[in-house]
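The values are calculated or read from the model by the stated rules, or taken from the named source; none is laboratory data. Treat the numbers as computed from the prediction; the structure is a model and nothing was measured. Heads up, the Cβs are rebuilt from the backbone with ideal geometry, glycines too, and the neighbour counts pull from every protein chain shown. Accessible surface is based on the protein model in full, side chains and every heavy atom, while ligands, DNA and RNA are left aside. Shrake-Rupley method; radii C 1.70, N 1.55, O 1.52, S 1.80 Å.
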Amino acid sequence: MSSLSAPAPAPAPADGSPAGGSGDQPVGGAGARPPRLRQDAARNRDRIISAACAVFAERGLDACVEDIARRAGVGVGTLYRRFPTKEHLLRQIAEDLLRELLDGARAELGAADGAGLERTLRQCALLQVSKRGYMMRAFDTAMPDELRTAFRATLGELLTAAQAAGAIRPDVTTLDVVMILWSLRGVIDMSADTSPAAVQRYMDLLLAALRPGGAPLTHPPVTNI
């Protein structure tokens, strides 16, 4: 993905404190207050992420960086120090979104009714709708494998629980569930502007196909994605 079309400043130090010369850089040596400055840098980062999500949702990924900085209430230089390219920004957004989905899925573990998987799938669908301008494109970026692995493993646990409760047919695999989530992308892209609730209908249809009692599946499960 292309850069933000500005000279990339020096990267931020590993401890999370900012680098470069603006309001979130320590001034002087003995008089500097690193803890306060680190808190300011963290707040700036959170404001940039929040602003980027809002601007991308409204205008798509072609939105200009100046609009994001203005919405966040920070200078463009501060944004560049935190995220030298749009790829860096999208990667962080994707990580935050996946952590949100993972936390929600984990909260459903142990649900006695076996409906945790369905609630998780519906929550994922709603999140895709609310963040349609960028969510799936953000997920196309690189992110830590451990996050993807943890989310898929949690979906697998929810699927096992749902099958044990008789809520999902026994021949459904975890990868089937993952593919169902990806399949919603087309529905949302085509219907969200005119029928934002349409994804719920197709979620109903997909979940109905997962219920026990249907004819046996005639094709083997996908295993190499």
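So Thr160 ticks every box in (1) open to solvent by 60 Å² or more (accessible area, probe 1.4 Å); (2) touching a Ser or Thr at 6+ places or on another chain (Cβ under 7 Å); (3) not charged (D, E, K, R) but one. Which box is left unticked?
(2)
Hey, Arg152 hits all of (1) more than 18 Å from Ala94 (Cα to Cα); (2) touching a helix residue (DSSP H, G or I) at 6+ places or on another chain (Cβ under 9 Å); (3) not polar (S, T, N, Q) but one; which does it fall short on?
Only one criterion in (1) more than 18 Å from Ala94 (Cα to Cα); (2) touching a helix residue (DSSP H, G or I) at 6+ places or on another chain (Cβ under 9 Å); (3) not polar (S, T, N, Q) is unmet by Arg152, namely (1).
Exactly one condition in (1) in a helix (DSSP H, G or I); (2) surrounded by fewer than 18 Cβ atoms within 10 Å (Cβ to Cβ); (3) under 19 Å from the mean Cα position of the chain (by Cα) is not met by Thr141; state its number.
(1)
Select from the range 88-138 the residues that are open to solvent by less than 10 Å² (accessible area, probe 1.4 Å), assigned to a loop (DSSP other than H, G, I, E, B) and under 19 Å from Val199 (Cα atoms) and list them in ascending order.
Answer for the range 88-138, where residues must be open to solvent by less than 10 Å² (accessible area, probe 1.4 Å), assigned to a loop (DSSP other than H, G, I, E, B) and under 19 Å from Val199 (Cα atoms): just Tyr134.
Quick check on this structure: which one of Leu127, Leu158, Leu147, Leu175 is more than 21 Å from Met203 (Cβ to Cβ) and free of Cβ contacts under 8 Å to residues at least 60 places away in the same chain?
So the residue among Leu127, Leu158, Leu147, Leu175 that is more than 21 Å from Met203 (Cβ to Cβ) and free of Cβ contacts under 8 Å to residues at least 60 places away in the same chain is Leu147.
Among the residues of the range 57-70, which ones are over 22 Å from Leu127 (Cα atoms) and part of a helix (DSSP H, G or I)?
Answer for the range 57-70, where residues must be over 22 Å from Leu127 (Cα atoms) and part of a helix (DSSP H, G or I): Val65, Glu66, Asp67, Ala69, Arg70.
Starting from residues that are within 12 Å of Leu121 (Cβ to Cβ) and touching a Ser or Thr at 6+ places or on another chain (Cβ under 9 Å), keep the ones in the range 180-225 and report whichever is least open to solvent (accessible area, probe 1.4 Å).
Among residues in the range 180-225 that are within 12 Å of Leu121 (Cβ to Cβ) and touching a Ser or Thr at 6+ places or on another chain (Cβ under 9 Å), the one least open to solvent (accessible area, probe 1.4 Å) is Val199.
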